[in-house]
Amino acid sequence: MSKVSIKKIFSDRMKNDSVEFVPIIDDERELLNDDTNISDTLPILPLRNTVLFPGVIIPINIGRDKSMNLINYAYKQNAYVGVVAQKDQNQENPKFDDLYNVGTIASILKVLEMPDGSTTAILQGKRRFMLEDILYDDPYHVGKIALKPEQKLPASDPEYSAIAASLRDMASEIIKYSGNIPNETGFAVKNIESMFFLINFISANTDIDYKDKQQLLEIDNLKKRAFKLLSLLSKQISMLELKHDIQRKVQTDIDKQQREYFLHQQMKTIQDELGGNPSDEEIKELEEKASKKEWNDNVKEVFEKELSKLQRLNTSSPDYSVQANYLREIVELPWNHISHDNLDLNHVKKVLDEDHFGLEKVKDRILEYMAVLKLKSNMKSPILCLYGPPGVGKTSLGKSVARSIGREFIRMSLGGLHDEAEIRGHRKTYIGAMPGRIIQSIKKAGTSNPVFILDEIDKVGKDFRGDPQSALLEVLDPEQNNSFHDNYLDIDYDLSKVMFIATANDISTIAPPLRDRMEMIEVSGYLLEEKIEIAKRHLIPKQLDNHGLVAKNVVFPDNVIEFIIEKYTRESGVRSLDKTIAKIMRQVARKVAMNKKYTIVLDEDAVTSFLGSAIFSREQYQGNKLPGVVTGLAWTAVGGEILYIESSYSKGKGNLSLTGNLGDVMKESAKLALEYIKSNAQKLGIDEASLTERDIHLHVPAGAVPKDGPSAGITMVTSLVSALTGRKVKAALAMTGEITLRGKVLPVGGIREKILAAKRAGIKEIILCSENRKDVEEINKTYLKGLKFHYVDQIDEVLKLALI
């Protein structure tokens with residue numbers, strides 16, 4: 001090599017034990033001297049992502065404790081170390097199989113403490129070696145090595161000269177394209193005369209992968225090593241040229257965009273001179289709408305900021321339409337604009353009564369709210385949840401409330417809703433983003449205080465797209481919804497003045513936190529008498545109008561309406577009744593169309609001719625001719641029913657048989673009844689021995705219909721005692737109530753429906769628990785006419801009243 005002095009240049013881009021660097025060339029005669037005194041056992045320093053070549057000086061960052069121990073020892077003892085590359089850079093404590101077999105012996109020139117607290121060691125490569133084994137690895141790795149011989153080049157060889165020239169040309173080409181290699185490197189390449197050091201210098205300096213560098217280090221034949229290096233340099237030059245071409249094209253595209261921008265600016269100037277720019281007109285329109293809005297300072301500040309952003313955008317930019325749509329949404333929302341409420345309570349009550357018959361609890365709650373609102377104008381709106389069977393008027397009640405107080409009405413169906421974004425909206429950065437349905441509905445209403453029906457809230461779904469019920473927590477919380485956050489608007493919106501009314505059929509599917517935020521009001525099924533009134537006041541007039549008929553064309557007497565309800569519908573609400581009346585109207589309309597003078601006063605025969613044979617039938621009281629038969633009362637989703645409990649006995653071993661498709665609770669009631677009788681047999685006048693000599697059978701007719709619940713408890717006791725004593729049950733008597741093992745009678749539910757079912761069936765007297773008196777008192781006195789009630793606390797009282 002020439003005696004040119006090469007300046008040391010270190011790169012500060014170091015990662016753990018790996019580093020990017022510029023090599024330093026040492027004296028070839030020293031490195032190829034076979035008499036160098038090197039032991040066959042050396043400390044081994046594993047490096048990550050780095051290969052050290054003979055004649056190269058590199059800085060390495062010491063990161064591992066073992067590496068620090070080795071460096072400190074070798075530097076103090078002025079000892080050589082064996083430097084080898086790791087196969088896996090993530091291996092923290094490499095073993096023999098984790099290291100490459102060929103490495104470079106190095107001396108430690110200097111150990112430096114860096115400003116960031118790390119330690120850097122300066123290593124100089126000397127000779128190649130073969131790693132034969134790792135003898136031990138604590139406190140650092142020590143291995144057994146064997147020196148690898150270096151090939152001595154002939155004094156003059158034309159082929160080597162050609163290879164050296166090619167290497168210099170390629171290295172210069174790489175330096176020209178690469179921004180990572182210092183300019184001094186090009187100077188060094190041109191002045192290196194030794195083929196040995198030229199190969200090492202270029203191998204160490206270029207951005208060749210460390211695995212390829214390891215292959216170069218392992219090649220013993222210098223000519224083969226040179227050809228391998230030429231191949232790798234050729235690939236690197238191709239990649240650098242391709243990268244350069246791409247950057248040039250990108251720069252061309254940027255220049256084109258700048259040119260288009262200037263042209264658009266010129267077009268804007270020309271349009272201004274000609275008198276009119278669509279974007280300016282749009283911005284002017286937004287400013288005019290904004291000036292009329294009653295919004296707070298925060299919303300105003302956001303609007304002005306976003307409008308300023310729109311003014312700076314190019315109209316041909318995709319972001320322009322996104323920004324313009326966002327600003328339109330802001331100015332089209334009603335914000336603090338509210339409609340004037342009609343606070344005349346008499347008018348509100350009149351409208352509610354006109355539209356709906358019954359539903360007194362719901363109407364009273366609406367009137368209570370309006371009364372407080374009249375006295376305290378800034379009251380938060382209630383959040384009601386009307387739950388009950390289908391067809392009872394939960395949704396239509398919302399329309400009626402809105403009409404009665406003069407507010408806008410919105411209905412939002414939540415059935416099958418799965419995506420949380422339907423409630424909160426998408427962020428405006430998404431393509432096609434829009435506000436959630438809450439904000440969209442408020443915009444459509446045009447006021448910030450509409451009556452908002454959240455229909456079928458119990459049917460909201462939940463999947464990987466989120467949980468809409470959780471999103472509704474904020475909407476339906478009076479303490480939070482004054483600052484509802486929609487993802488699209490990204491501005492808090494006040495929903496506290498909105499009257500939310502949710503509807504549901506099954507409240508068990510509503511999440512408890514959501515249920516807790518709402519005022520739950522049960523809308524139970526209509527009674528027969530209420531259905532008759534609803535048909536006369538609402539359904540028949542509506543269907544007459546829908547079918548182009550007048551009242552004189554067809555007349556519905558009360559007994560005919562009752563016949564239709566009893567024989568052709570089986571529901572809690574009036575939806576099927578409405579459809580059945582519509583079916584009659586269609587056939588009447590057909591006859592009127594053929595004969596304009598046609599009129600009819602309906603009777604049961606006419607209804608049967610229009611609708612066909614009766615579909616349903618109800619139980620009627622059948623008398624008390626036999627002991628062991630007792631009339632009970634049951635509640636169903638479509639109203640009350642009477643049912644019979646039948647008991648009999650035969651010779652046997654005291655077994656109890658239960659039939660009639662009974663549920664677990666009802667079976668337990670039967671066992672309780674029998675155990676009570678056994679423990680009180682003497683008191684009841686029953687021979688105790690006979691209970692163990694007889695099999696008892698208890699049956700509840702209509703075996704195909706599932707039955708369950710505790711309310712038949714006293715009925716079962718009465719039936720069993722009647723059968724075992726031979727005493728008949730009092731005529732036209734029914735009963736309902738739960739029992740305990742001590743003979744106490746407990747209250748049950750569904751009293752209203754059960755009592756009216758008993759009255760329809762011809763029952764005159766009813767036995768109830770004393771605690772059910774309050775339920776009877778809530779029923780309209782008109783419906784209770786002709787019934788006598790007995791209130792009891794013990795089963796003894798029941799038997800005294802019931803058995804003859």
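The values are calculated or read from the model by the stated rules, or taken from the named source; none is laboratory data. Every value quoted in this text rests on a predicted model; they were computed, and no experiment measured them. As a convention, Cβ positions derive from the backbone with ideal geometry for all residues, glycine included, and neighbour counts pool all protein chains shown. What goes into the accessible areas is simple: the full protein's heavy atoms, side chains included, and nothing from ligands, DNA or RNA. Shrake-Rupley method; radii C 1.70, N 1.55, O 1.52, S 1.80 Å.
Being over 23 Å from Lys394 (Cα atoms) and in contact with a Gly (Cβ under 8 Å, 6 or more places away or on another chain), is that true of even one residue in the range 452-462? Spell out the reasoning first.
Taking the range 452-462 as the starting set, the residues that turn out to be over 23 Å from Lys394 (Cα atoms) are 462.
Now restrict to residues that are in contact with a Gly (Cβ under 8 Å, 6 or more places away or on another chain): none.
For the range 452-462, residues over 23 Å from Lys394 (Cα atoms) and in contact with a Gly (Cβ under 8 Å, 6 or more places away or on another chain): absent.
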Seminar exercise, completed: Among residues of the range 236-258 being exposed (fewer than 12 other Cβ atoms within 10 Å of the Cβ) and among the basic types (Lys, Arg), the residue nearest to Lys213 (Cα to Cα) is Arg248
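Among the residues of the range 676-695, what is the count of those that are β-branched (Val, Ile, Thr) and either under 60 Å from the mean Cα position of the chain (by Cα) or outside any helix (DSSP H, G or I) (or both)?
Of the range 676-695, the ones β-branched (Val, Ile, Thr) are 677, 686, 692.
In the following step, the residues that additionally are either under 60 Å from the mean Cα position of the chain (by Cα) or outside any helix (DSSP H, G or I) (or both) were identified as 677, 686.
Summing the residues that are β-branched (Val, Ile, Thr) and either under 60 Å from the mean Cα position of the chain (by Cα) or outside any helix (DSSP H, G or I) (or both) in the range 676-695 gives 2.
Condition check ((1) farther than 21 Å from Glu765 by Cα; (2) hydrophobic (A, V, I, L, M, F, W, C); (3) open to solvent by 20 Å² or more (accessible area, probe 1.4 Å)) across all residues:
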{"residue": "Pro627", "(1), (2), (3)": "no, no, yes"}
{"residue": "Trp635", "(1), (2), (3)": "no, yes, yes"}
{"residue": "Ser650", "(1), (2), (3)": "yes, no, yes"}
{"residue": "Gly663", "(1), (2), (3)": "yes, no, no"}
{"residue": "Leu672", "(1), (2), (3)": "yes, yes, yes"}
{"residue": "Gly703", "(1), (2), (3)": "yes, no, yes"}
For this session: Go through the range 80-96 and give me each residue that's open to solvent by 30 Å² or more (accessible area, probe 1.4 Å) and either assigned to a loop (DSSP other than H, G, I, E, B) or touching a Lys or Arg at 6+ places or on another chain (Cβ under 8 Å) (or both).
Result: Tyr80, Lys87, Asp88, Gln89, Asn90, Gln91, Glu92, Asn93, Lys95
For this session: Please verify whether the range 693-702 includes one or more residues that are among the β-branched types (Val, Ile, Thr) and within 16 Å of Asp796 (Cβ to Cβ).
Result: no
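What helices (runs of 4 or more DSSP H) lie completely within the range 383-491 and have 1 or more residues being open to solvent by 10 Å² or more (accessible area, probe 1.4 Å) and aliphatic (A, V, I, L, M)? Before the answer, list the steps.
Numbers: elements: 394-405, 421-424, 437-445, 468-475.
Counting at least 1 such residues, we get 421-424, 437-445, 468-475.
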For this session: Could you list, in sequence order, all residues of the range 493-536 that are under 30 Å from Glu332 (Cβ atoms), open to solvent by less than 10 Å² (accessible area, probe 1.4 Å) and either outside any helix (DSSP H, G or I) or touching a strand residue (DSSP E or B) at 6+ places or on another chain (Cβ under 8 Å) (or both)?
Result: Tyr493, Leu495, Val498, Met499, Phe500, Ile501, Ala502, Thr503
Exercise. Can you name every residue in the range 200-220 that is without any contact (Cβ under 8 Å) to a residue 24 or more places away in the chain and among the basic types (Lys, Arg)?
Worked result: Lys211
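So is Tyr261 open to solvent by 80 Å² or more (accessible area, probe 1.4 Å) and out of contact with any Leu (no Cβ under 7 Å at 6 or more places or on another chain) or not?
Working: open to solvent by 80 Å² or more (accessible area, probe 1.4 Å): yes; out of contact with any Leu (no Cβ under 7 Å at 6 or more places or on another chain): yes.
Here the answer is yes, as Tyr261 does meet what is asked.
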Exercise. Given the structure, is Lys744 surrounded by fewer than 17 Cβ atoms within 10 Å (Cβ to Cβ) and not acidic (Asp, Glu)?
Worked result: yes
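Based on what the data block shows, is Glu738 at pLDDT below 85 and under 17 Å from Ala634 (Cα atoms)?
Values: at pLDDT below 85: no; under 17 Å from Ala634 (Cα atoms): yes.
No; evaluated as a whole, the condition is false for this residue.
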Exercise. Does any residue of the range 545-563 turn out to be under 45 Å from the mean Cα position of the chain (by Cα) and open to solvent by less than 50 Å² (accessible area, probe 1.4 Å)?
Worked result: no
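Quick grid of which residues meet (1) out of contact with any Asp or Glu (no Cβ under 6 Å at 6 or more places or on another chain); (2) surrounded by 17 or more Cβ atoms within 10 Å (Cβ to Cβ); (3) more than 17 Å from Leu527 (Cβ to Cβ); (4) among the hydrophobic types (A, V, I, L, M, F, W, C):
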| position | (1), (2), (3), (4) |
| --- | --- |
| Met735 | yes, yes, yes, yes |
| Leu768 | yes, yes, yes, yes |
| Glu771 | yes, no, yes, no |
| Lys781 | yes, no, no, no |
| Asp796 | yes, no, yes, no |
| Ala802 | yes, yes, yes, yes |
Exercise. Of (1) of a type outside the set (D, E, K, R); (2) modelled with pLDDT under 85; (3) open to solvent by less than 20 Å² (accessible area, probe 1.4 Å); (4) not in a loop (DSSP other than H, G, I, E, B), Leu539 satisfies all except one. Which?
Worked result: (2)
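Restrict the check to the range 177-186 and report whether at least one residue is at pLDDT below 75, surrounded by fewer than 19 Cβ atoms within 10 Å (Cβ to Cβ), among the small types (Gly, Ala, Ser) and part of a loop (DSSP other than H, G, I, E, B). Don't jump to the end; show me each part of the working.
Step one: of the range 177-186, the residues at pLDDT below 75 are 177-186.
Right, trim to surrounded by fewer than 19 Cβ atoms within 10 Å (Cβ to Cβ) and you get 177-180, 182-184, 186.
Restricting the remaining residues to those that are among the small types (Gly, Ala, Ser) gives 178-179, 186.
Filter once more, so that each one left must be part of a loop (DSSP other than H, G, I, E, B): 178-179.
Yes - at least one qualifying residue is present in the range 177-186.
Considering only the range 39-63, state which residues are in a loop (DSSP other than H, G, I, E, B), within 60 Å of the chain's Cα centre (by Cα) and buried (at least 17 other Cβ atoms within 10 Å of the Cβ).
Within the range 39-63, the first condition is being in a loop (DSSP other than H, G, I, E, B), and the residues that meet it are 39-40, 48-56, 63.
This time we only want the ones that are within 60 Å of the chain's Cα centre (by Cα), so: 48-53, 63.
If the condition is that a residue be in a loop (DSSP other than H, G, I, E, B), within 60 Å of the chain's Cα centre (by Cα) and buried (at least 17 other Cβ atoms within 10 Å of the Cβ), then Arg48, Asn49, Thr50, Val51, Leu52, Phe53 are the ones that fit.
For the range 586-612, give me each residue that is part of a helix (DSSP H, G or I) and open to solvent by less than 70 Å² (accessible area, probe 1.4 Å). It would help to see each step written out before you state the result.
First, the residues of the range 586-612 that are part of a helix (DSSP H, G or I): 586-594, 604-611.
Scanning the range 586-612 gives Gln587, Val588, Ala589, Val592, Ala606, Val607, Thr608, Phe610, Leu611.
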For this session: Answer with yes or no whether Val102 is surrounded by 22 or more Cβ atoms within 10 Å (Cβ to Cβ), modelled with pLDDT of 90 or more and among the β-branched types (Val, Ile, Thr).
Result: no
Seminar exercise, completed: Every listed condition ((1) open to solvent by 20 Å² or more (accessible area, probe 1.4 Å); (2) in a strand (DSSP E or B); (3) within 24 Å of Ala204 (Cα to Cα); (4) not basic (Lys, Arg)) holds for Gly125 save (1)
Problem set entry | Inter-residue pairs, beta-carbon under 6 Å, first closer than 22 Å to Val392 by Cβ and in the range 504-515, second open to solvent by less than 70 Å² (accessible area, probe 1.4 Å) and among the hydroxyl-bearing types (Ser, Thr, Tyr), 6+ apart | Ala504/Tyr387; Ile507/Tyr387
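I'd like to check which helices (runs of 4 or more DSSP H) are fully inside the range 278-362 and have at least 1 residues that are over 22 Å from Lys374 (Cβ atoms), open to solvent by less than 60 Å² (accessible area, probe 1.4 Å) and among the charged types (D, E, K, R). Step through it out loud before you land on a result.
Numbers: elements: 278-291, 297-312, 318-332, 345-355.
The helices (runs of 4 or more DSSP H) meeting that bar are 278-291, 297-312, 318-332.
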